[in-house]
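J.: Here you go, one structure.
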């Protein structure tokens, strides 16, 4: 985040360059902290996030000029700019100032609008700034590169070149040392103006063009610059060479044929960026043959529907992937409804929907090796003595294939519910055999055209011996950002630490891995062989394979880490948590052996290790999505160990509690999907990043983006405001409790959703709220959420959970954001690594300087030592200089990822209650969010959305009353009594006629439409305004009694009880601080007006002394100047005597000082 400014300038005669009414309009519109300048102009302060700052620079330039009717009336200051601060003084007639001043100008920089500094976005500036443009529009050649305009070239004067940001070439060269080097002559390089060895001129020309383009110079300007500053024969004589060099960099890249629904396209993708097409709605069909398509947009913009439509109409086969089975159920149901004649199957894991119920004699579930339903190649069974017999009840592959064909032919759409139908059992009862539903689903997959599955089965290679492999199809749709995390190394929470006065907790998350790792070690080190009697015995391997040695090294590393954490657990009273982190960073993941270390970094060896781990876990009964997201326990851990973020994979998140993570390298795909040749990726930033990793060539990728949100008018944003984050959190909790209490006191209840940042926050919040009023959502089925809705509960869910992504919950009308800042170890670790790398260099420089200072000039060879150390210091400084820029770029990129992920997840989470097309699409909805977290909602969502700001308990109660009257309510008692609960849980499948019939049931009252609620909101805003005015406008006798009470409290402030050393006067306090103090001492604060009158009374009665301050203007406008002082008050002996002699003499105040 950074601070930026709008500077509104004056003419020479002191008038505004912008019409007076326009100035007032800008101040009123932005309503941010504003300073009146020495001359009477204005500086409007804003905060801006890094991604938005980057967007502003791209669209408008770094420090854009504000124009009105062609006249410059100010600047938007963003980069390398400053303004004079409040309290400064410059005489209004200062000769160094270039413009005039207004009559009321004082020379002081004073507060004009005393409001919090608001965040601003590129969209907010759209009406003030003009997008930067090239001097010449790009002319696309057939090859899709820039063609320079030679007429323009002849008109450009080399000494007067200004880039798109308004900077001259000399200014740019002064800032960019590499460009300055390159433009020092034809023989110059990036690092030197006169290199010892002449560099490749063509490479240096290309580098210069790239840098010039990055600084906003046009192709024509670049042409002129190169010929003047890098003159040599080929540069001066060959136009074709220069045009080709410039053309490689200034690419247009647009090969998309516009369809009628396309409103605009994004231009100028760089060599690494994906071409982006902005749409008003998705087209009827794809007009691209690129293998990777990214669909980007807010929920309910039709991304999934469009992907399914393309899947069923343009491709004869395909795979649809989602991160959870609940999302898959919804998408599978929509697909078969849209394409009833297509054959498809929905795959699930063994532990899902009771597809596997087998339990062996030892109580172990899903033990396929000993289950007779497990398909085999033949009907022979091997006995313990090694002999084999043929059995009729064993099912072969060929029998399963035959049954699968029969099932697909009969049903077309197969999922676990198919096998529960009575008709299905009749179809197979004559066979006399029992078939495994889990494997039957997979055999059906080989016969159908379309597959709906989680990510797990997309990485299994299509090999004949693998029953659970899925055959390759034309296209694969991967839906939702969490899906892409499966293909990358994970993050592992090593240890969790919390320290409170009453208790200290340390959780070692490696503890549960101790036994499995011991078994794995034994598995790697031993082999099973038959003895003379045919009995299987365990023997130690005589020689280990190379990849097996690495597995043992990694196990030893985990054991060392676990031992280190255990020691900290025993000695935490003597050790700080950061000492544990330092100790762990000393433990190397890389094997010590040089050969093993090189093998550890070999990709083929890593994949061999993961395959070995997977085979071992399959033998132990893991796999098939049982234990973890991938179905395995150890494999996810080994993925991080094999692909750690380097140089340091450790990252600490939080203050108290703290969690230490082992972080994987997210720039590497370790589970490449192998189920299709083409991919359609649906999601935000993570989908875009995955597209780049899967298809590195930018010409293979294209992105379709929709910025609009069709249900914006349904939502009202209730922003919880307060003086700080703590106050906002307190008011939010009060809002939640008030809504729950209102539900408890009424038969009719308003169901709601509450969003938290993590599962721990969810659990903590549930404990703080009354029992029976909330429900903590986990990986539940949709019917569970519906049931809790019928009970009128507040359903608490957390970010990055099953419910926060992809599941439609349109029956909910109220969503409260309790917290939304979830942990992101990867970007935090990247930032820490960058800081650590630069810090190490600075530390080395400091040590070398200390070594230099410690040298004795009298020692032999002193000058040589000095020269050697000085050279080393220079090398370190050069290294720091070379690393600083790329490290800052890397940190910036990590912060962009961090912020984008937070915005993507929060926006997706709060839109879970969005209406589904065709079902109560006009229902009013409410989002309650804290002011400090409003920035985590996408600007295209909140722009022009109805908004209410609440700052007190009374305002919260008023908003709750409005919500209660506007949204859908349920009567859980009536639902249970009438036995209609099950029917109501099918609300998502209601037609309009069904809704009318349901409204006759005394168990549900549907809410108002947003058309009906809109005037109610305006009325509420007016009421809140009147309420605030009443609070600030006391009257009559109540005011007088209040003033007496306030005066009694004011004179008791602790500052008036502390005397100076000379005991001539007490301590002092400002008027505003004194008023805040007295108002905070009462549950229902005194009105501001009463407090001010009480202070005036003290001053008039000479019960306090006053030290005058300079003028401060709060909430001033061009029409009204609210000038106030914030004076300082203190007491003397005379003041105290006046108090005792006055009408309030009975007041007990601080004792008088002794004479």
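The values are calculated or read from the model by the stated rules, or taken from the named source; none is laboratory data. Please read these numbers as outputs of a predicted model, since none were measured by experiment. Counting neighbours? That spans all protein chains shown, and the Cβs are built from the backbone with ideal geometry, glycine included.
J.: Take the range 397-424 and flag every residue that is at pLDDT below 80 and not in a helix (DSSP H, G or I).
T.: 421
J.: Name the single residue, out of those in the range 715-728 being in contact (Cβ under 8 Å) with a residue 12 or more places away in the chain and farther than 19 Å from residue 969 by Cα, that is surrounded by the fewest Cβ atoms within 10 Å (Cβ to Cβ).
T.: Restricting to residues being in contact (Cβ under 8 Å) with a residue 12 or more places away in the chain and farther than 19 Å from residue 969 by Cα, the top hit is 725.
J.: Let me spell it out: the conditions are (1) in contact with a helix residue (DSSP H, G or I) (Cβ under 9 Å, 6 or more places away or on another chain); (2) closer than 30 Å to residue 295 by Cα, and residue 751 meets all of them except one. Which number is the exception?
T.: (2)
J.: Next question. Which residue out of 770, 696 is more than 23 Å from residue 973 (Cβ to Cβ), free of Cβ contacts under 8 Å to residues at least 40 places away in the same chain and either in contact with a helix residue (DSSP H, G or I) (Cβ under 7 Å, 6 or more places away or on another chain) or not assigned by TED's automatic domain parsing to the domain that holds residue 962 (or both)?
T.: None of the others qualify; the one that does is 696.
J.: Now a separate question. With 199, 195 as the choices, which residue is part of a loop (DSSP other than H, G, I, E, B), closer than 19 Å to residue 881 by Cβ and either in contact with a helix residue (DSSP H, G or I) (Cβ under 7 Å, 6 or more places away or on another chain) or assigned by TED's automatic domain parsing to the domain that holds residue 241 (or both)?
T.: Working: 199 fails: closer than 19 Å to residue 881 by Cβ.
The conditions single out 195.
J.: Please name all residue pairs, on different chains or six or more residues apart, with Cβ atoms under 6 Å, provided the first residue is in the range 854-871 and is within 17 Å of residue 844 (Cα to Cα) and the second residue is part of a loop (DSSP other than H, G, I, E, B).
T.: 865/855
J.: Assess whether residue 313 counts as being more than 23 Å from residue 913 (Cβ to Cβ) and either surrounded by 15 or more Cβ atoms within 10 Å (Cβ to Cβ) or at pLDDT below 85 (or both).
T.: For residue 313, the condition - more than 23 Å from residue 913 (Cβ to Cβ) and either surrounded by 15 or more Cβ atoms within 10 Å (Cβ to Cβ) or at pLDDT below 85 (or both) - is not met.
J.: Name the residues in the range 301-347 that are in a helix (DSSP H, G or I), under 14 Å from residue 457 (Cβ atoms) and in contact with a strand residue (DSSP E or B) (Cβ under 8 Å, 6 or more places away or on another chain), would you?
T.: If the condition is that a residue be in a helix (DSSP H, G or I), under 14 Å from residue 457 (Cβ atoms) and in contact with a strand residue (DSSP E or B) (Cβ under 8 Å, 6 or more places away or on another chain), then 328 is the only one that fits.
J.: For the range 177-186, enumerate the residues that are touching a residue at least 40 places away in the same chain (Cβ under 8 Å) and surrounded by 15 or more Cβ atoms within 10 Å (Cβ to Cβ).
T.: 182, 183, 184, 186
J.: While we're on this one: Just for strands (runs of 3 or more DSSP E) wholly inside the range 1-110: which have at least 2 residues that are closer than 28 Å to residue 216 by Cβ and under 38 Å from the mean Cα position of the chain (by Cα)?
T.: Numbers: elements: 2-8, 34-36, 42-48, 65-68, 71-77.
By residue number, 2-8, 42-48, 65-68, 71-77.
J.: May I pose another question? Criterion first (without any contact (Cβ under 8 Å) to a residue 24 or more places away in the chain, under 22 Å from residue 929 (Cβ atoms) and outside any loop (DSSP other than H, G, I, E, B)) does residue 795 satisfy it?
T.: Against the criterion (without any contact (Cβ under 8 Å) to a residue 24 or more places away in the chain, under 22 Å from residue 929 (Cβ atoms) and outside any loop (DSSP other than H, G, I, E, B)), residue 795 does not qualify.
J.: Here is a further query. Taking the conditions exactly as written (under 18 Å from residue 906 (Cα atoms) and either surrounded by fewer than 16 Cβ atoms within 10 Å (Cβ to Cβ) or in contact with a strand residue (DSSP E or B) (Cβ under 6 Å, 6 or more places away or on another chain) (or both)), does residue 731 satisfy them or not?
T.: No, not satisfied.
J.: Give me the helices (runs of 4 or more DSSP H) completely within the range 984-1065, filtered to those with at least 2 residues that are more than 45 Å from the chain's Cα centre (by Cα) and at pLDDT 80 or above, ordered by residue number.
T.: Fully inside the range 984-1065 and qualifying: 1036-1050.
J.: Any idea which residue in the range 884-927 is surrounded by the most Cβ atoms within 10 Å (Cβ to Cβ), counting only those that are touching a strand residue (DSSP E or B) at 6+ places or on another chain (Cβ under 8 Å) and in a loop (DSSP other than H, G, I, E, B)?
T.: 924
J.: Name every residue in the range 139-176 that is surrounded by fewer than 13 Cβ atoms within 10 Å (Cβ to Cβ) and either more than 30 Å from residue 699 (Cα to Cα) or modelled with pLDDT of 80 or more (or both), in order of residue number.
T.: 151, 154, 155, 157, 158, 159, 160, 170, 174, 175
J.: For residue 1079, indicate whether it is at pLDDT 80 or above, under 45 Å from the mean Cα position of the chain (by Cα) and surrounded by 13 or more Cβ atoms within 10 Å (Cβ to Cβ). Let's see the steps before the verdict.
T.: Working: at pLDDT 80 or above: no; under 45 Å from the mean Cα position of the chain (by Cα): yes; surrounded by 13 or more Cβ atoms within 10 Å (Cβ to Cβ): yes.
Spelling it out, it is not the case that residue 1079 is at pLDDT 80 or above, under 45 Å from the mean Cα position of the chain (by Cα) and surrounded by 13 or more Cβ atoms within 10 Å (Cβ to Cβ).
J.: Checking the conditions here, which among 1112, 1071, 1095 is surrounded by 14 or more Cβ atoms within 10 Å (Cβ to Cβ), modelled with pLDDT under 75 and closer than 28 Å to residue 1135 by Cβ?
T.: Within the list 1112, 1071, 1095, the selection yields 1112.
J.: Considering only the range 494-587, give the helices (runs of 4 or more DSSP H) lying wholly within it that have at least 3 residues that are modelled with pLDDT of 85 or more and either more than 21 Å from residue 829 (Cβ to Cβ) or not assigned by TED's automatic domain parsing to the domain that holds residue 640 (or both). Steps first, please.
T.: Numbers: elements: 514-525, 546-571, 577-585.
Ranges flagged: 514-525, 546-571.
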